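One structure is given here, and the rest of the page talks about it.
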Amino acid sequence: MLPTIAPYLLPRAMAAFAKKYPGVDLVVQEDTTAQLLKLLHACEIDFALASHPITDDRLEVQELFSEALLIALPPGHPLTRKARVNAADLESERLIVLKEGHCLGDQVLQFCERREVRSSISFRSAQLETIQSLVCAGMGLSLIPQMAVGAQRGAKPVYRPFQSPQPERTIIAIWPRQRPPSRAAMALLHLLRP
């Protein structure tokens, strides 16, 4: 699983799975999309949860759900007075994004690029919680997946949706076409759906 998905979906699903299937042991690995694809192709994992786009004909792709990306703002930032934010509002703002190799960081930068928004990157991190803490400290703004919004401990950023078109990411399950997931893996996949 991607580390931008696991802490938000996994605890509930694993608890339900352990209760329903007490004799089945789960091993979960968090990693980047590139690393998860390598493990899939080597048949070292049953399936991976990632974010679209994945364009590999050797893999079966099943969409699980889509979620909005919200703008995380420091408390007191002028954009907190708006109910919805435009992409143009990000012009000249400092962005905090996931470090290279994390698809969510790439998606945020592509969102800005497609809308010709010129922002500077003030910080890169490997953790969404770190990014949200830096936003609270006034170090910049970030786009945060909807599922991560309620998970922040301590001081929280102010979150606002974007005006249409709303940026989003689609969470998918992927596995090698030549090796469909086991019954246990499919049971876990079922529990991972929101």
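No lab work stands behind these numbers, since they all come straight from the coordinates. The shown structure was predicted, so the numbers you read here are calculated from the model rather than taken from an experiment. In this analysis, Cβ positions are derived from the backbone assuming ideal geometry, glycine residues included, and neighbour counts consider all displayed protein chains.
Using the average count of surrounding beta-carbon atoms within 10 Å as a protection proxy, the listed peptides 72-78, 170-176 rank, highest first, as 170-176, 72-78.
When both the range 80-136 and the range 17-68 are represented by their alpha-carbon centers, they are found 26 Å apart.
Amide H to amide H distances under 5 Å link Val158 with Leu73, where only residues 5 or more positions off or on other chains count and H is placed in the peptide plane.
Peptide packing: for 17-29, 126-138, 157-169, the average count of neighbouring Cβ atoms within 10 Å per residue gives the ranking 126-138, 157-169, 17-29, highest mean first.
Taking 7 Å steps out from each Cα toward its Cβ at Glu44 and Val61 produces label points 2.3 nm apart. With the contact rule set at Cα under 8 Å and sequence spacing of 6 or more, what percent relative contact order holds for the range 67-168? With pairs under 8 Å counted, the relative contact order is 48 percent. Projecting label points 7 angstrom from Cα along Cα→Cβ for Glu116 and Ala15 puts them 4.9 nm apart.
Computed from the C-beta positions of Ala34 and Ala83 and an R0 of 30 Å, the FRET efficiency is 0.20 to the nearest 0.05. The packing ranking of peptides 82-88, 101-107, highest mean first, is 101-107, 82-88, where packing means the average number of other beta carbon atoms within 10 angstrom of each residue. Compactness of the range 67-168 is given as radius of gyration and Dmax, 12.0, 34 Å, from Cα positions.
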